[in-house]
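The values are calculated or read from the model by the stated rules, or taken from the named source; none is laboratory data. This one's a predicted model, so the numbers in the text were calculated from it and none came from an experiment. Cβ sites come from the backbone with ideal geometry, for glycine too, and all protein chains shown count toward neighbours. These area figures cover heavy atoms from the full protein model, side chains too; ligands, DNA and RNA do not enter into them. Shrake-Rupley method; radii C 1.70, N 1.55, O 1.52, S 1.80 Å.
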Amino acid sequence: MRNLGLVRSSQGCVQQPGAPQCVAVRCDSDSLLVASEFSITEFDPRTGKVLSEASLTAEGFLPEDGTGTVVGLQDLAELESACVATAAGDVILYNFSSAQFECVGSVDSGLTSMSWSPDEELVIFTTGQDTFIMMTKDFEPIIEVGIHQEEFGEGKFITVGWGKKETQFHGSEGKQAAQKKAVELQPAPEWDDHRPRVSWRGDGQLFAVSAVCPQSGARRIRLWSREGVLQATSEAISSLEQPLSWRPSGNLIASTQKQHNKHRVVFLEKNGLQHGDFTLPTSSTQTKVKELWWNNDSTVLALWLEEFNNAEGGKPNTHFQLWTTGNYHWYLKQSLDFGNDPYRAPVCACWDPVRPLQLHVVLRDWTTLTYEWGWTTEHSRGQDAADDASVAVIDGNKILVTNFRQCVVPPPMCSYELQLSSAVNQVMRWTETNTNNTGFRAVCQPLVLHKTYSIDLVLERPLELHHLLWLRADLFVAVRASQSANCSKVLFLSPSQDSDQRLIVRSEVEVFGTVVSVAHSAHTSSVALQLEDGNIKKLLWDGAKPSVETWEDSRGCPVRFPVTCVQTALCNIGQEECVLGLTDRCHLYAGDTKLASGVSSFSVCNDFLLVTTHSHNCRCLQLSSLTVKEWRGARIVTVVPQDTRVILQMPRGNLETVHHRALVLAQLRKWLDSLQFKEAFMCMRKLRINLNLIYDHNPKLFLDNAETFITQLSSINHINLFLTELKEEDTTQTMYPRSEDARLPPYKVPGTKVDVVCDALRNTMESMDPNKYCLSILTAHVRKTVPELEIALQKVHELRVNPPAAAVGAVSAEEALKYLLFLVNVNDLYEHSLGTYDFDLVLMVAEKSQKDPKEYLPFLNMLKQLEPNYQRYTIDKHLKRYNKALVHLSQCGKEHFPEVLQLVKEQKLYTEALHLFATDTTQYKELTIAFAEHLVGQQQMEQAGLLLWRCGETHSALQSFVSCCSWRHALCVAQLIPLPPDQLALLARDMAEKLSEQRRYAEAALLLDQYANDCEEAILALITGAVWDEALRLIHTHRRQDITETNLKPALLEAFSSQTAFLEAQMSTFTRHRNRLAVVREQKLKARADMLDEEGPDCVDAELYSEASSVLTGSKYSQSNSRISSRSSKNRRKAERKKLSLKEGSPMEDRALIHALGEIITTVDKMREEVHGLLKMLVLFESERQAQRLQEQYAAALSLLESAVTEVWPDNTALNNTTLTGPNSTANSISASFQQQIPAAAAPQAQAQDAEILVAPKMRNNIKWKLTV
C-alpha cells in the first residue's frame, strides 16, 4: 500500500548540434553519456555542464551531413571507455582518459542494436542480415546465429499423447475452450521499426531477442542461453509490439500487445508461455508504446507512450508511466505528461544503474530531466480516536482509500474509491488539529467532489511542483526546483480572490539547497525541510511573512542527518521535538544520532516509535526498545490512533493486523486510569492479556471503584472470568513491568490480594443486587485463598428454602449448585456439604453428582440414627477434622471418654483436649498423665515432670527432673515427697556427678556443699572448673587451707601453663593462615591480569573473571557439587564443610582461611574473663612473674588480632550487601550481589555461612581484664 513520491528532480540543458539518439549513465562520475548523429557528449545532468565531448564525424565513423545513426551506447567502467555501435556496422571504443577512438570491429550488413550483459562480460550485436553476434568484452567472436529459428529450442514441451484437446480440462475457460478456434495471428503494427530488441536477465545467464518473423510478419520472442543455445520460443501472440525488457529478478519478460479495444502489457516466462498481463488506461485508440524498462531492483516498470490525437494536428502526446505490483495487481503510480511539443519530446531515457528509483530522460532539445522517487505511505495524521486511520493508494486516476479503524481490507480491494479525471501523482491530506477530521470523509457518507483547483503557474516540465502540503483549508505549500542547480523555492498557494477554483502564489521562500523531503506534524503544526546534504530547516509558515530557519536542538546546535534520508517524520522525545529519518541503507536517525540499523519502515504513534527490521521483527520503542513477534519482511502501513492495531504489509502485498504488546499495554493503562473498565476488559480478553492487570495497575483506584467495574462489565460471565483468573502474582512486576517514570507508590492491602478483591467485589454485588449476581458471589467465595465452600453451600441452600422472586438474571438453587459443581470438584463439594451437618444439603449435592446412591445413602441413614453430638463427631472424624471431632466427642458424656483418650493419643491433641475439661476432674488428670507420657517419649523430660508434679504424680515427676538434670525442681519434689536425709544426700551426689559431666562445676559444688555436706568434693569441683573465687571462698568458709597448698596452687600453675601454650598455638596458626591468605589473593590477582593480557583489553569475556574467582588460581581442583545429594540436612552440612577446605589449592581456599581466622579471633576474645580471674589468683599467691607473662602474652595476642581485622576483612566488604554496579564491577560481582537478595528460605544455610565469612568478628574491647598490680 505504498506510493511513489518524488524526492527530487533536476533539469540540465546542453547546447549541442543534432538530436540525442542514445543515452547511458557513467556510474563513476554520475554523469550522462549522450550520443547524437555528430558526437558523444558527457555532461552533468543537474548543471548541464559539459565534461567531455568527442566527435564521431571528425573521425569518419558517421557522415558529416547528419544522416548517421547510433544504435547502441554503453559505458564500460572497467575499461574506462564508452562503446558505440552505429547503424553502418562500426563498433567503436572511446577511451575517456586518452580521449581516443578505436574501431574494434565492423559488420558489412550493418548493426541494428547492441546489448551488453549485466556483468559486462558479453555483448550481443544484431545485424542487418537478421543474425546476432555474441562477443566477449575483448570483442572476440563467440558465435553468430540467425535470429529466426525453426525449432522451438532445448526447452521444447513433451507430449505424452494422453487424450485429445477436446477431452482435456481447460480450467476457468470451461468446456467451450475445446471448440474454440485458433485466432489468426496478427502482424506487428505499422509503426513498428522492425528492429530486433535484446534484453538480458539480471544474472546474465539468459537473454531474450524479439524480432519480426519474415513469414508471418508478427514478432516472436526467443530465449537464448549465455552460450548462444536456443532455449525456448514464445507462443504466438497477435500484434506483439517492439518493447522488450526482462525483469532483473528473472521471473518475467515484459512486452506490449495491441488489440482492437485495448492495449496490454503482457508477461512471458522463460519457457515462452504467457503469464499474466494488465491493460493500459489509454484514452486514445491510437496509442504507441515505444519502450519499456524495468528498474534495477525489479520494483518499477516504466513505459514510454505516445498518444495521437487528430484534434491536435497529429502531434503525439508523450507520457511516461511508472507501474508497480502488489498482491497480483498492477498500480499506475506516476504519470509524466510531456505534452505534444516535438522539440520538448523525450528521445531517449534510462534508469540509473545505482539508484533504483532514479530515471533520466533526455529531450529533443538536449534538456535532461532527472527524477528520483521514494516509497511513501499516505496515511491520515490524526492523533485521537476521531481519526479513521485511512490509507490512500494511488492507482492511475483512482485513489483507493481503506479505513483501517473500521475494517482491514486486503489490497487491491479497498473501502472506497475516489475517481478523478486524470492520473494522480501525489496525495496530500489536511487534518484539523482541533477536530481531527481528515480531508477524506467516512465511508458511509456519499462521496462528493468538493472542489478542484488549477494552479496559476507556468510549469516547464512534468512534476515541477512536488512535496505538496495541505496546511490549512485555504493554504497549500509546494516545493519547486529553482533554475540554479543548488536551490529550491517553497511556494505558498492560496485560492484566488477572483476565482475559488484557481490557486495563486501568495508568497515564496528561497532555500539554499535541494529539498528532498518535507515532514509535517499535525500535533505541533511544525514543518521540517530536509536538504540534499542532510541539513534540516524549519519552515515558519504561520507568521505574517513566511521564512526558513535552521532546525536546532535543545542545546542550540544545528540538526542534520549524516546521510540523506528517504523518509522523515516529526516526534516528541521528552520535551524536545525531533526529526526522525530513514536512509536507503536502512539506518534510522534522530538528528545526527543513529538509533538503529536494518530498519525497513517506521511509524510514529503517540509516545511510541514502531519500526520493522530486516531481521523480521516489529519493534516498539519508548526511549528503549521492546521486541515482539516475528513478521518476515513486513512493512508498516499505518497505526490506528488511540488503538492497539498496527497494519503491516507483507512482501507479496497482503495485509496483517497485529496488536503490538507495547501499544496494547499503553492503551490499557489509559483506559484503566479513565475508569473505562469494559473497554480494557474486552481488549484484554481478546488479546489474551492477564486480567490481573485490571487490579494490579492501580489497586486503590480499582477498590474505590468496584461498583463502577461491576456496572460496566454487567455480564455475569465476564465478572466470573475475572474472579477465576485472580492470582497473588503482581503482573506489573513480572509480566507487564512499568517504565521507571510510570511507577506508582506501593499500596498495601490488609490481607492477600485474592481475598481482598473477592471480598470487595462480593460486598459490592451483595449491596447492588444479590439475586442478579448470585453466581458471581458464589465465585468470590470459592476463589478465596481458603475457599469458603460452606458459606457458598449455605447460600445455595437458602435459595432452595427461599427461592427468589421471578426477576431478570435470578438463578435457582439447582442452577447455583450446578455452577458450584463446575467450579469445585464434586467430591470436595460433597465432603464440605457433609461438614455443614445439613442432610438436606448433602442430598442435594449428592443428587447432582455422579455418585451411586448405594455409596452414600447407607452412610447418611446411619448418621441420622446417632445422637447429635456423636453424629457430628462421626462426620468430623470421617472428614478428618479431628479438632472439631474432639469437641463434639467431649460433649457426648463420660461413657465416651475412652474414645476421647484414644483420639487424643492418635492425633496428638493433648493441648486441645486439656482445654475441654475442668482441672478438678479425673478426665483432666488422665489426659495430663497421657500428655506427660507423650512428652517423655519426645525427650522433653522437664515439661513432662512439670505436668506430673501438677497432677500429683511426684515420684514420676522426680524421675523426669533427675533425668534432665533439673536439680532445683528435683530437690523441691524430693522435699515434697519427702525423702529421708540419706537418700536426699545420695540424690544430690548423683546429680552433682551428672552436672560435672556437663561442665557445670559451680552447680555441682553447690549440691555437694549444701545437700551432700561434702565441702572437699565441692572445692575440688570448683578448682577443676577454674572457678577460683568461689573455691577460695569455700576453703576459708570451711577452714580447709590445706587444700590451698595441695590442690589450688598446683592447679593455678597448671592453668597458667595451659593458657600460655594455647595462646602460642593459636597465634602461630593465625599467623600461618594470614600469610597464606595474602599469597592466595596475590595469585588470583596475578592470574586475572595474565589472562586479560593474553586476550587483550577488549576481550569480550574479561568481565567474567571476577576478583574472587577460583578459576584463576591454577588449582588442580574443580568445584562441582552436582553429585552431592541435598536430600538431608546431614548431607548439606557435609557439602558445606567440603567446600570450605583449608587444603592448599582448593577452589575456595580463601574463604576457608577467612573463616578459620574469624574463629580464632572469636575464641581468643572469649578468654578475657577467664584470663582476668587467673591473673587475680596468680597475684594473690605471689606468682607475679607468671601473671605478668600471661598478661603480656594475651595483650600481644589481642593486639595482633585487632590489627589483622582490616587486612583480612577490607573496608569494601561492606559493599557485598548492596548491588555492585558501575565501571569497576564484574559479571560475577553483580550476580553475587543479586544472589544475596534471595529470600532466606531459599538457601538459609548458605546465606548464614556467607554472612559469617564476609562479616568481620567484633572484639569486646569494653571488657576490662588487665591488672595494674
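Brief remarks on what is shown
- Residue within the range 898-911 that is closer than 24 Å to residue 792 by Cα and not in a helix (DSSP H, G or I) present: no
- Residue within the range 694-704 that is under 24 Å from residue 610 (Cβ atoms), of a type in the set (A, V, I, L, M, F, W, C), open to solvent by less than 10 Å² (accessible area, probe 1.4 Å) and in contact (Cβ under 8 Å) with a residue 24 or more places away in the chain present: no
- Residue 249, sole failed condition from (1) surrounded by 15 or more Cβ atoms within 10 Å (Cβ to Cβ); (2) in contact (Cβ under 8 Å) with a residue 24 or more places away in the chain; (3) within 44 Å of the chain's Cα centre (by Cα): (1)
- On the stretch given as the range 532-559, residues that are more than 22 Å from residue 380 (Cβ to Cβ), in a strand (DSSP E or B) and either of a type outside the set (Lys, Arg) or open to solvent by 60 Å² or more (accessible area, probe 1.4 Å) (or both) total 9.
- The condition (being open to solvent by less than 60 Å² (accessible area, probe 1.4 Å), under 21 Å from residue 329 (Cβ atoms) and at pLDDT 90 or above) is satisfied by just one residue among 294, 304: 294.
- Residue 670 surrounded by fewer than 21 Cβ atoms within 10 Å (Cβ to Cβ), assigned to a helix (DSSP H, G or I), in contact with a Leu (Cβ under 7 Å, 6 or more places away or on another chain) and basic (Lys, Arg): no
- Taken together, the residues in the range 719-755 that are surrounded by 18 or more Cβ atoms within 10 Å (Cβ to Cβ) and part of a helix (DSSP H, G or I) amount to 7.
- Any hit, the range 303-315, residues being in a loop (DSSP other than H, G, I, E, B) and within 28 Å of residue 252 (Cβ to Cβ): no
- Just one of the listed residues (1060, 1046) is open to solvent by 50 Å² or more (accessible area, probe 1.4 Å), part of a helix (DSSP H, G or I) and β-branched (Val, Ile, Thr), namely 1046.
- Hits in the range 333-376 (condition: open to solvent by 30 Å² or more (accessible area, probe 1.4 Å), touching a residue at least 60 places away in the same chain (Cβ under 8 Å) and over 27 Å from residue 50 (Cβ atoms)): 337, 356, 375, 376
- Pick from the range 940-977, criterion part of a loop (DSSP other than H, G, I, E, B) and within 25 Å of residue 919 (Cα to Cα), ranking: farthest from the chain's Cα centre (by Cα): 977
- The residue that is surrounded by the fewest Cβ atoms within 10 Å (Cβ to Cβ), counting only those in the range 393-412 that are over 33 Å from the mean Cα position of the chain (by Cα) and of a type outside the set (Lys, Arg), is 397.
- Subset tally (residues that are open to solvent by 10 Å² or more (accessible area, probe 1.4 Å) and either outside any loop (DSSP other than H, G, I, E, B) or under 18 Å from residue 335 (Cα atoms) (or both)) for the range 378-392: 2
- Members of the range 213-246 found to be open to solvent by 20 Å² or more (accessible area, probe 1.4 Å) and of a type in the set (A, V, I, L, M), listed by number: 229, 236
- Restricting 987, 1006, 1022 to residues that are touching an Asp or Glu at 6+ places or on another chain (Cβ under 8 Å) and crowded, with 19+ Cβ neighbours inside 10 Å narrows the list to 1022.
- Unique match (being of a type outside the set (D, E, K, R), assigned to a helix (DSSP H, G or I) and open to solvent by 50 Å² or more (accessible area, probe 1.4 Å)) among 861, 869: 861
- Filter pass, residue 67 being over 60 Å from the mean Cα position of the chain (by Cα) and surrounded by 15 or more Cβ atoms within 10 Å (Cβ to Cβ): no
- Residue 529 being among the aliphatic types (A, V, I, L, M), part of a strand (DSSP E or B), modelled with pLDDT under 90 and buried (at least 20 other Cβ atoms within 10 Å of the Cβ): no
- Given (1) out of contact with any His (no Cβ under 6 Å at 6 or more places or on another chain); (2) in a strand (DSSP E or B), index of the condition residue 646 fails: (1)
- Residue in the range 770-782 that is touching a His at 6+ places or on another chain (Cβ under 7 Å), open to solvent by less than 60 Å² (accessible area, probe 1.4 Å) and part of a helix (DSSP H, G or I) present: no
- Residues of the range 102-133 classified as over 14 Å from residue 88 (Cβ atoms) and open to solvent by 40 Å² or more (accessible area, probe 1.4 Å), total: 8
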